[in-house]
Amino acid sequence: AGRRVPLLALSLALRTLNCFLVRTSFVPDEYWQALEAVPDRSLISVIMGSVLNISNYGYLTWEWEQGLRGYSYPLIFASIYKALQLLGRDDVQLLIWVPRLAQAVLAAFADVKLYSLVQHLENTETAKCVYFCQLCSWFMWYSCTRTLTNTMETILTIFALSYYPVKGTKLASSCKYLALIALAIVIRPTALIPWIPLVLGHFLQEQKKADLILRNCIPIGLVTVGTSLIVDRMFSGEWVLVQVNFLKFNVLQNLGTFYGSHPWHWYLTQGLPVILGTHLPFFIHGCVLAPKKYCIFLLSVIWTVLVYSTLSHKEFRFIYPVLPFCMVFCGFSLNHLKAWKKPVASFLLLSNLLPALYTGLIHQRGTLDVMSHLQQLCNSSSQSQAFVFMLMPCHSTPFYSHVHCPLKMRFLQCPPDLTGNENYIDEAETFYSNPHGWLNNEFNTDALLPSHLIFFSVLEQEISSFLALRGYEKTANIFHTHVPQGRVGSHIYVYRRTTEVNR
């Protein structure tokens, strides 16, 4: 225990630094399924009143209306916001960074929990190697301080793993690990997937199977489902079982393909190799070296990748929760290398440092920087007349969680069709099929025109005549990425309407 105190201090320092060195966007869910649900009055009016001292603004995406998202996770951030309000410190920068810092603290504790687990199962040297691999993983650095449900899912998986009854675990606790899994499932139902082989393995080796089910599984399941139902009933106004709706939408109906599809082998050829990076050969090496009792961890990784491979819509973050399992095997490899340990450790550190810093500080930073630009409108005398329209792929930027004032804003909508209409086209697709025509039709009188238009640089040429005729001029040119793709340009432009034009 004495050794873990300085280790925790080190982790807290590194994850805090980690937090402030990640200034880029990853995926929309980082904001729209967590922070953006908090300003909306439907979430906080029941027990908290106005969290942000401002009423009648906020936005919930279509997933909340369809009962695909639960309020338990946003409630954590609502509590943080409320505490800041009571302290009189609810300014926009703290509202942005304190939730991220909270995630960083949890990530630091998870790092130490993983170290403790391996120390109990093996020895201090192997634990140090696993801890080192965990800290220098570029994808862990990139993701662990973000307010993603996947991040909390991964952190809770590590905590649960530390109480899982692997042979030789002194701190095993069926009640604790099952409760942590249940909490993870409430936050993100897919948290169950990596645990299916582990829970089945535990059940098969458990001598008192009836006690495991009657004294642990059933009570924990009932309390968790009941709490989830009550929380979501309080905030949505109706009884809804989010986990069932989530499963129905993403697995049974496979409607996630609306947001893109990939070949079945994507996780094997791209997903896992990318998130592992230069750890990949050491992961493979560690799988060969690890004692037999760790086969259950490898089985969990393989099972998770195979399950997600059956779904058409694939993302790197979906398999993020198996990364700590992989780090265990990487640590075994590193510890086994003996004389080569220091050179390999240096290689891992340097080869992960560059992608971590690049993706954290440079790649896809424009969509956050433009929100900082918009914060200036909150402090201007023209705030009440301002109307910001984001002509970008929907949910490209955060929204009110990064502005903290009732600024009138709008973005292109892209909800999937839930009615079975084969000819359905969302607003964003309609716009991109004819940007100039759509703008002329949508804003056919000057009174309706937004005061500010925000869009990626690739769109400028297509709508240049509209901008010129309606009196818009460029006021900001913000870097976004070195690798523009499709509708996402290298820069983000902010245009402000400066003159009244007679037409």
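The values are calculated or read from the model by the stated rules, or taken from the named source; none is laboratory data. It should be emphasised that the depicted structure is a prediction, and the values quoted were computed from it without experimental measurement. Note: ideal-geometry Cβ built from the backbone for every residue, glycine included; neighbour counts use all protein chains shown. Note: areas computed on protein heavy atoms with side chains; ligands, DNA, RNA excluded. Shrake-Rupley method; radii C 1.70, N 1.55, O 1.52, S 1.80 Å.
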Going by the conditions given, is S351 in contact (Cβ under 8 Å) with a residue 60 or more places away in the chain and more than 20 Å from the chain's Cα centre (by Cα)?
yes
Determine whether L349 is on the phi < 0 side of the Ramachandran plot, open to solvent by less than 50 Å² (accessible area, probe 1.4 Å) and in a helix (DSSP H, G or I).
no
Hey, can you tell me all the residues within segment 357-404 that are among the small types (G, A, S), part of a loop (DSSP other than H, G, I, E, B) and surrounded by 21 or more Cβ atoms within 10 Å (Cβ to Cβ)?
S396
Screening R487, R497 for residues that are charged (D, E, K, R) and within 24 Å of the chain's Cα centre (by Cα) leaves only R487
Pairs, first at negative phi in segment 287-307, second open to solvent by 50 Å² or more (accessible area, probe 1.4 Å), C-beta under 7 Å, six or more apart:
L289/H336; K293/K167; W303/I196; V305/L268
Selected residue [open to solvent by 60 Å² or more (accessible area, probe 1.4 Å), outside any helix (DSSP H, G or I), in the same structural domain as I76 (by the TED database) and among the aromatic types (F, W, Y)] from W340, W303, W264
W264
Could you tell me whether segment 36-43 includes any residue that is more than 30 Å from C330 (Cβ to Cβ) and at pLDDT 85 or above?
yes
Of the numbered conditions (1) in contact (Cβ under 8 Å) with a residue 40 or more places away in the chain; (2) surrounded by 13 or more Cβ atoms within 10 Å (Cβ to Cβ), V483 fails exactly one; give the number of that condition.
(2)
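So, L407, is that one surrounded by 13 or more Cβ atoms within 10 Å (Cβ to Cβ), over 29 Å from the mean Cα position of the chain (by Cα) and outside the structural domain of V38 (by the TED database) or not?
Details: surrounded by 13 or more Cβ atoms within 10 Å (Cβ to Cβ): yes; over 29 Å from the mean Cα position of the chain (by Cα): no; outside the structural domain of V38 (by the TED database): yes.
No, not satisfied.
For A447, state whether it is of a type outside the set (S, T, N, Q) and surrounded by fewer than 18 Cβ atoms within 10 Å (Cβ to Cβ).
Criteria met by A447.
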Which residue, of R100, R69, R89, is among the basic types (K, R), closer than 17 Å to V403 by Cα and in contact (Cβ under 8 Å) with a residue 40 or more places away in the chain?
R100
Do you know which of the residues in segment 306-320 that are charged (D, E, K, R) and in a loop (DSSP other than H, G, I, E, B) is most open to solvent (accessible area, probe 1.4 Å)?
E315
Before we move on, is P324 touching a Ser or Thr at 6+ places or on another chain (Cβ under 8 Å), at pLDDT 95 or above and in a helix (DSSP H, G or I)?
yes
Give me the pairs: first residue in segment 122-145 and modelled with pLDDT of 95 or more, second residue open to solvent by less than 10 Å² (accessible area, probe 1.4 Å) and outside any helix (DSSP H, G or I), beta-carbon distance under 8 Å, and six or more apart or on different chains, which are they?
W141/V22; Y142/V22; T145/V22
When you go through D446, D369, D426 one by one, which is the residue that is more than 23 Å from the chain's Cα centre (by Cα) and closer than 24 Å to E30 by Cα?
D426
